[in-house]
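Reading through the structure tokens given below for one structure.
Computed from the coordinates by the stated procedures, all read-outs in this text should not be read as laboratory data. Predicted, not measured: the structure shown is a model, and the values here were computed from it. FYI the Cβ positions are ideal-geometry reconstructions off the backbone, even for glycines, and counts take in every protein chain you see.
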Amino acid sequence: MFDIKKKTIEWGGKTLTLETGRIARQADGAVLATLGETVVLATAVFAKQQKPGQDFFPLTVNYQEKTFAAGKIPGGFFKREGRPSEKETLVSRLIDRPIRPLFVKGFKNEVQVVCTVLQHDLENDPDILAMVAASAALVISGAPFMGPIGAARVGYIDGGYVLNPTLDELKDSKMDLVIAGTAEAVMMVESEIQELDEATVLGGIAFAHEGMQPVIDAIIELAEHAAKEPFDFTPEDTDAIKAEMKGIVGKDIAEAYKIQKKQDRYEAVGAAKKKAIAALGLSDTNPAGADPLKLAGVFKELEADVVRRGILDTGLRIDGRDVRTVRPILGEVGILPRTHGSALFTRGETQAIVVATLGTGDDEQFIDALEGTYKESFLLHYNFPPYSVGETGRMGSPGRREIGHGKLAWRAIRPMLPSKEDFPYTIRLVSEITESNGSSSMATVCGSSLAMMDAGVPLARPVSGIAMGLILESDGFAVLSDILGDEDHLGDMDFKVAGTSEGITSLQMDIKISGITIEIMKQALAQAKDGRDHILGEMNKAMEAPRADVGEFAPKIETITIPTDKIREVIGTGGKVIREIVATTGAKVDINDDGVVKVSASDGEKIKAAVDWIKSIASEPEVGTIYTGKVVKVVDFGAFVNFFGAKDGLVHVSQISKERVARPQDVLSEGQQVKVKFLGFDDRGKTKLSMKVVDQETGEDLSKQEAIAPEDAVTT
């Protein structure tokens, strides 16, 4: 019934199995991949005909995590998986980026890849396995895919590289580096790094590329036994029509790309395109002309040729810069004075407003992942409205691009955040891209550093970021610093590097060709370091270090620790006590299981009142200490005073005043504030307080004055 083909290898100390022929047999390609006890099913289906009028490659990748994979039931009312989580969106992009460039040029049939996590062993992250399974499914599907690719994760633990570390091992790693590539070259890099230098990062990439080679070999061996016949597709030869078009508008394109202002340049390029289509396109006067849609694609190729050749031949770019120069930078802070922190970062025609908001533990985000539910106290949200590129467009929920760019900036900033013990705030950053012409994600990184320093967040060091590009031809290559949008679209690489003065914190690379070598990456990293250092210098002109304290509009937080056996008393039955503390003082109170209590409010007096109340419940008063209390009851033999949170004590009639007091009611009344000294406990364990040894005006301990011996007194 089943024609099962299977390939098993040992990979990074674990068993990797690729199987096809048993599940999802109607898909063009289906592979069940297992690593350890994590299982992912990847399917690939492609349309056998191109849709009429299709002028782009419609590749869709969907990565989905089923909660049953970890033995869980979804939360919420409907009890089923809903819209993609942030991780599902990010991994979908992670798979898409290295496979998209490997489809044969000109192939525009619809392709869909679906990767489903069926089982998670809570040790091996399914993202790497999903990339491997997707690659294998495409290779055996018969689609015109020039793979396979392999993928690997690398950690850096105790000074050494670790291939495919477990989730627990990653907690101690200074590097979380994911790469994908072919047998010959690297296709994609994604990472979060703890300030490592360029040589160490490059070594990790080389280590990962070498480590994935057994996987590539395994996919090839599986395909030799299970691959379908290749789909009959031959890309159309457009060289002749491109040569003709070059004769008509080649000079126009070259002149257009000498215009430095983006909108004016686009108008000139658009005019050249119209001229080419009018001369060569199908029309009533030219019945032998070509399809305008086809001509648009040829024009784009010609446009790329002209721009790329110009950079290689002259060393000058679209806006007149050489390959290493960064565009003019202006950083400003405090532009929105009532927010907790704000910055405006402008680099050339790219601009971001970044706002930092500080919150309490109540503002932490609950993340419901297969590995378990946890809280996230650092949030970064990136928005890219259509007006930022001078266009109209739909405004709605964040798309994959917004989520991906926001996560890149999040990874770049997170290694520099203070610990929760040192800075117990929830931090939310929002980046609004107001102009875009090249690497708004790196503008977000720079603006985020400035906004957090403006908010008084004690960053270890500010972080800057730069996007590098590549022009690679048979006769040479050029690495471009701080690329424009056009250089991204018409070039071969988008290589983003973020870091501090001490090292790299994040690196992301996407390419549009079949891979680049370690040598090119080495030059790109070295050039990026120069660019990052320059950008940091420009940022320092706006703000060199975080403010000493949070702003006046930010909440104030004080952290104390109480014994864990006192937590129940502070919370009270059904939360009665903690609700009373919050309602009475006006402060927010958050208690962790380890006894850490965070008290927050906009007013320091409210915090003090709540902290004193909590301490009175969780600790005992100190003998000899003076407290401010309130008389709660007056009796014939003295008065009961509430002096330490919920604790009351007796001021005996003999301890009310130095003068003889016949009736305490003549001196004291309920609700009166008094200052008392805690004397300890009597033989029956009752609390003893004294008023007469305390100056009721100043709170001074009078007993210390009386203790001075006559011979020690100063005489005049």
What angle do you read, to the nearest 10 degrees and between 0 and 90, between the alpha-carbon axis of helix 86-99 and the longest principal axis of the chain?
30
Here the averaged projected area of the stretch 239-314, based on the convex hull of its alpha-carbon atoms and given in nm², is 5.2
Holding the Cα-Cα limit at 28 Å, pick out from K576/K647; K242/K529; K87/K496; K51/K273; K5/K407; K7/K66 the pairs that are longer than that.
K242/K529; K5/K407
Excluding same-chain residues fewer than 8 positions from K675, which aspartates and glutamates have a Cα within less than 12 Å of its Cα?
D695, E697, E700, D701
Ratio for the stretch 384-472, C-alpha Rg to 2.2 N^0.38 Å, reads 1.22
Shape box of the chain [Cα atoms, principal axes, largest first, Å]:
120, 65, 49
If you filter the stretch 1-61 for trypsin sites (Lys or Arg not before Pro), then keep DSSP loop positions with at most 16 other Cβ within 10 Å, what is left?
R22, R25, K48
Enter the angle in degrees (range 0 to 90, nearest 10) between the Cα long axis of helix 518-540 and the first principal axis of the Cα atoms of the chain, meaning the one along which they spread out most.
40
Test of understanding: given the chain, find the longest segment containing no GluC sites (Glu not before Pro) that are in a DSSP loop and have at most 14 other Cβ atoms within 10 Å.
38-183
Pick out, in residue order, every one of the trypsin sites (Lys or Arg not before Pro) in the stretch 76-150 that is DSSP loop and has at most 15 other C-beta atoms within 10 Å; say none if there are none.
K79, R80, K105
Would you please give the FRET efficiency between F57 and F2, computed as 1/(1 + (r/R0)^6) with r the Cβ-Cβ distance and R0 = 30 Å, to the nearest 0.05?
0.35
With a 25 Å threshold on alpha-carbon distance, the violating pairs from K375/K588; K246/K294; K108/K261 are K108/K261
Express the Stokes-Einstein translational diffusion coefficient of the stretch 5-226 in µm² s⁻¹, to the nearest whole number, given a Kirkwood radius over alpha-carbon pairs, 25 °C and a viscosity of 0.890 mPa s.
137
Kirkwood Rh, angstrom, the stretch 459-571 [1 / mean 1/r, Cα pairs]:
17.4
Could you list R153, R97, R400 so that the one with the fewest beta carbons within 10 Å of its beta carbon is first and the one with the most is last?
R400, R97, R153
Listing F384, F77, F643, F477 by rising number of other beta-carbon atoms within 10 angstrom, fewest first, gives F77, F477, F384, F643
Tell me what the chain gives for mean residue ellipticity at 222 nm when only DSSP H runs of n ≥ 4 count, each as -39,500 (n - 2.57), the sum divided by the residue total, rounded to 500 deg cm²/dmol.
-9500 deg cm²/dmol
If you project the alpha carbons of the stretch 626-712 onto the principal axes, what extent comes out on each, in Å, largest first?
42, 27, 26
Gain on full stretching of the segment that runs from H489 to D594 - 0.36 nm per residue minus C-alpha separation
32.6 nm
To the nearest 10 degrees, how steeply does helix 576-585 sit against the main Cα axis of the chain, on a 0 to 90 scale?
90
Rounded to the nearest 0.05, what FRET efficiency is calculated for T392 and D158 with R0 set to 51 Å and r the Cβ-Cβ distance?
0.40
Give me the percent relative contact order of the stretch 626-712, please, defined on Cα pairs under 8 angstrom at least 6 residues apart.
28
Regarding the stretch 260-368, what whole-number volume in Å³ per residue does the convex hull of its Cα atoms give?
238
Can you give the FRET efficiency for I23 and D168, using 1/(1 + (r/R0)^6), R0 = 22 Å, r = Cβ-Cβ distance, to the nearest 0.05?
0.15
For the stretch 213-223, take each phi angle, set θ = phi - 60°, evaluate the Karplus expression 6.51 cos²θ - 1.76 cosθ + 1.60, and give the result in whole Hz per residue in order, putting x for glycine and proline.
4, x, 5, 4, 4, 5, 5, 4, 5, 5, 5
Burial ordering of M146, M175, M452, fewest other beta-carbon atoms within 10 Å first
M146, M175, M452
